[in-house]
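The values are calculated or read from the model by the stated rules, or taken from the named source; none is laboratory data. Computed from a predicted model, the values in this text were never measured in an experiment. Note that each Cβ is placed from the backbone with ideal geometry, even for glycine, and that neighbours are counted across all protein chains shown. In case anyone asks, the SASA skips ligands and DNA or RNA and just uses the protein heavy atoms, side chains included. Shrake-Rupley method; radii C 1.70, N 1.55, O 1.52, S 1.80 Å.
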Amino acid sequence: MQFRSTKSSKPPVSFKEAALRCLPPEGGLYVPASVIDMRQFFLYMDRNTAYHELVSTVAPVLLQGELNPFSASRVAESAFDFEPELKQLDERFSALTLYNGPTGVFKDFGIAFLAAVMEELTRNNRRIMVISAARGDTGVSVAHAFYKRHNMIAVLLYPSGPIRGLSPESFAPNGGTLIPIEVRGTYDDCQRLVIEAINDRPFAERYSITTTNALNPGRLLPQSFYYLYAFIKLKKLLKGDLFFSIPCGNFGNLISGLYAWKFGMPVRGFVAAMNVNNAFGDFFKGNGFKPHRLIPTISPALDVSVPSNYERLSAFYEEAPAVMRNMVFPAVIDDKTTLTTIERVWKQYGVFLDPHTAVAFAAAEQRASSRDMSHSDPHFVVLATGHPAKEAELVSKATGQTIEIPSKLAMLQNHTEPLAVIDPHLDALEGAVASCF
Ligand SMILES: *Cc1c(COP(=O)(O)O)cnc(C)c1O
C-alpha cells in the first residue's frame, strides 16, 4: 500500500516513507493511494482469532513488500500487550472497548503500532529520533510505546506546567529511550517546534528526526484493525446490517473505520457522533463546512472547531459524495443526553460509559430508532474510546456508583521532573537534545 498527498499529484511513497515523514513535504496529508481487498481474510478469521493474530494477518497484506509476515507478528506482539474487547450488550448494541491500553484511551492502539512498526522498518538504519508535542496523557502513551525500542529515542515536548505519569528509569541518560523537555510556552509552541525541527534539514538529518503526530498515517492505518476485529467477532451473529458509532473530535477514528470499509469489511454505515460542537454536520450533509465558535462540554475530546483530518474526509467525499452521504450519518448529542445515557446504560446493562462513549451510544440509539431502520435488524457497535475511570467523578455522579480507578491510570497523576526546561526556540531544543548524549 502506498500513500499520496491530498494536495498534489506527485508519485506515491511507501508506508515507511509516509510514516517517517508524517506530513508530505509538498503539503496536504498522506492518504492511501490504492485500495486493497482483504475479503478473503475475513472468511477464515473468526471469534477465536486473537487481536495480535489478526494484526499479524492483515498488516503484511496491507504493507506488502515492506513488512513480511514474520516481521508483522513481531510488530503485533511487541505493540499489543493490551487488546480491544467486544462486549455484546443485546441484539442491537455492542460496545467495542478500546481503553485497555496504558493511558486508557483508544489512541494507545495507533501509537503502539506506529512505534513497533517504525522499529521494525528501520532495523537496519541508524538510530532515529521521534519528536512529539505532548498534551494530556499522550506523552505517557508515547513513552510506553517506545519503551526499550532498539535504536530509537523519543523526545517529548511539554508546555509549561507539571509533567505527569513518566518514570525516570525510562529516560535516555538512565539507559532508556525518553527525553522529556519542558518548553516555556504553550502546546502550540511545542507543535511549532516539532514542525521546525522536522524542517530544519541539518538538525533533522543529524538525528534522523520523525514524529508521532496524530496526523501520521502510521497511526490511522492500525486503527482500522479493531474495526475488523469487531466484525470477525460478530460475523456469525449478525442478522442484519452492521453499523459503527464513533465519538468524533478530529475524525481520525472515523477515517480509520472508512479504511476498514475500503478493505472490504461488510459494513452498512458509520454514525459520526458529535457533541454540540457539530459544525461538521453541515459538511456531511453536503452543505460545505464553516467552523463555529467552540462551546466547552463534558466530552472535551470532541470539542474541536476545525478537525485536523478535514482534508482526508474531503478526499473521500470528492471521490464519491453520494456514496459517502449513504455511509456516514452525523448525529448531535447534548450534555444532558450524555449524562442520562451514562445513567441508563448503567441501569440497563451494568456497564459504565465515559462521556465520549456515551455521546456515541446515544447517537447509535437515535439512529437505531429512526424510521428507515425498522425493517433491517441493524446491529450497532459503539466505540468505547475512553476509560470511565478517567472521568470517575462525572460517571459516579451520573450513576450513583463508586468508580474504581485502576492503579495504571492512577499512576498517570504522578509528577516527574523534565530533563531540561527550554525557551521555545529550535536552538534551545538542539542544545537540550545534544546534552543528553
Ligand atoms: C481523541 C478522542 C476522541 C476523538 O477521536 P478523533 O479520532 O479525534 O475523532 C474520542 N474519545 C476520546 C476518549 C478521545 O480521547
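If we sort 2-14, 33-45 on the protection proxy, mean other Cβ atoms within 10 Å, highest first, what's the order?
Those peptides, ordered most packed to least, come out 2-14, 33-45.
With every protein chain in place, what's the accessible area of residue 311 (1.4 Å probe, Å², nearest 10)?
Accessible area, nearest 10 Å²: 60 Å².
Grab the beta carbon distance between residue 308 and residue 201, set R0 = 30 Å, and tell me the FRET efficiency rounded to 0.05.
Calculated value: 0.75.
Take each complete run of DSSP H in the chain, measure how far its Cα atoms stretch along the helix's own axis, and keep only those covering 20 Å or more with mean Kyte-Doolittle hydropathy at least 0.0; list them.
What comes out of the filter, once short or polar helices are dropped, is 107-121, 217-234.
If you project the alpha carbons of the range 171-241 onto their three principal axes, what span does each projection cover, largest first, in Å?
Per principal axis, max minus min of the Cα coordinates gives 57, 28, 26 Å.
Take every Cα pair under 8 Å in the chain that's 6+ residues apart, average their separations, divide by the length, and report that relative contact order as a whole percent.
19 percent
Assigning unit charges at the beta carbon (Lys, Arg +1; Asp, Glu -1) and nothing else, what dipole magnitude in debye, to the nearest 20, does the chain show about its Cα centre?
Roughly 800 debye, rounded to the nearest 20.
Rounded to the nearest 500, what is the 222 nm mean residue ellipticity of the chain from helices alone, with -39500 (n - 2.57) per DSSP H run of 4+ residues and division by all residues?
Value at 222 nm, helices only, nearest 500: -12000 deg cm²/dmol.
Considering only protein heavy atoms, with the full assembly of protein chains and a 1.4 angstrom probe, order 26, 91 by accessible area, largest first.
If we order 26, 91 from most to least accessible, we get 91, 26.
How do 411, 1 stack up against each other in accessible area, from largest to smallest, with a 1.4 angstrom probe?
Listed by decreasing accessible area, they come as 411, 1.
Would you mind telling me the share, in percent, of accessible area of the range 1-85 contributed by carbon and sulfur at probe 1.4 angstrom?
50 percent
Can you give the net charge of the other residues whose Cβ lies under 14 Å from the Cβ of residue 238, counting K and R as +1 and D and E as -1?
Computed value for this residue: +2.
Might you report the magnitude of the Cβ-based charge dipole of the range 320-437 about its Cα centre, with Lys and Arg at +1 and Asp and Glu at -1, to the nearest 20 debye?
Dipole about the Cα centre, nearest 20: 640 debye.
Counting alpha carbon pairs within less than 8 Å and at least 6 residues apart, what relative contact order, in whole percent, applies to the range 192-279?
28 percent
Apply the Debye scattering formula to the range 1-90, with a single equal point scatterer on each alpha-carbon and no solvent, then give log10 I(q)/I(0) at q = 0.25 Å⁻¹.
Reported log10 I(q)/I(0), two decimals: -1.20.
So what is the relative contact order for the range 295-437, in percent, with contacts set as C-alpha pairs under 8 Å and at least six apart?
Relative CO of the range 295-437 lands at 18 percent.
So for the range 87-146, taking the charge dipole from beta-carbon charges (+1 Lys/Arg, -1 Asp/Glu), which of 144, 130, 95 sits furthest toward the positive end?
Selected residue: 130.
What lysines does residue 408 reach when the alpha-carbon gap must be under 17 Å and sequence neighbours fewer than 8 apart in one chain are set aside?
Of all the lysines, those that pass the test against residue 408 - Cα under 17 Å, at least 8 places apart if same chain - are 107, 390.
In debye, nearest 20: dipole of the range 25-107 around its Cα centre with unit charges on the Cβ of K, R (+) and D, E (-)?
In debye, rounded to 20, the range 25-107 gives about 80.
Dividing the alpha-carbon Rg of the range 288-437 by 2.2 N^0.38 Å yields what?
Normalised by 2.2 N^0.38 Å, the Cα Rg of the range 288-437 equals 1.43.
Going by the alpha-carbon gyration tensor, a ≥ b ≥ c the square roots of its eigenvalues, is the range 22-64 rounded (a/c under 1.5) or, if a/c is not under 1.5, prolate (a/b greater than b/c) versus oblate?
prolate
Summing Lys, Arg as +1 and Asp, Glu as -1, what charge do residues with Cβ under 13 Å from the Cβ of residue 214 carry, residue 214 excluded?
Computed value for this residue: +3.
Where both residues lie in the chain, what percent of DSSP beta bridges are antiparallel, nearest 5?
Once the DSSP bridges in the chain are tallied, antiparallel ones form about 25 percent.
Amide H of residue 328: which non-local residues (sequence gap of 5 or more, or other chain) have their own amide H closer than 5 Å, using H built in the peptide plane?
270
Over the range 42-199, what lengths in whole Å, largest first, do the semi-axes of the equivalent ellipsoid take, defined as the square roots of 5 times the eigenvalues of the alpha-carbon gyration tensor?
Each semi-axis is √(5λ); the values are 30, 21, 13 Å.
Would you work out which of 43, 409, 381 lies farthest towards the positive end of the dipole of the chain? Charges go on Cβ: Lys and Arg +1, Asp and Glu -1.
Comparing the listed Cα positions along the dipole, 43 ranks first.
Quick one: accessible surface of residue 224, probe radius 1.4 Å, all protein chains present, in square angstrom to the nearest 10.
Taking all protein chains as shown, residue 224 has close to 0 Å².
Could you work out the local net charge near residue 69, counting Lys and Arg as +1, Asp and Glu as -1, over the other residues with Cβ closer than 13 Å to its Cβ?
Value of the local net charge: -3.
Please state, rounded to one decimal and in Å, the Kirkwood hydrodynamic radius that the chain gives when every pair of distinct Cα atoms enters the mean of 1/r.
So the Kirkwood estimate lands at 22.3 Å.
Pop the C-beta distance of residue 239 and residue 34 into the FRET formula with R0 = 35 Å and round what comes out to the nearest 0.05.
For R0 = 35 Å, the calculated efficiency reads 0.55.
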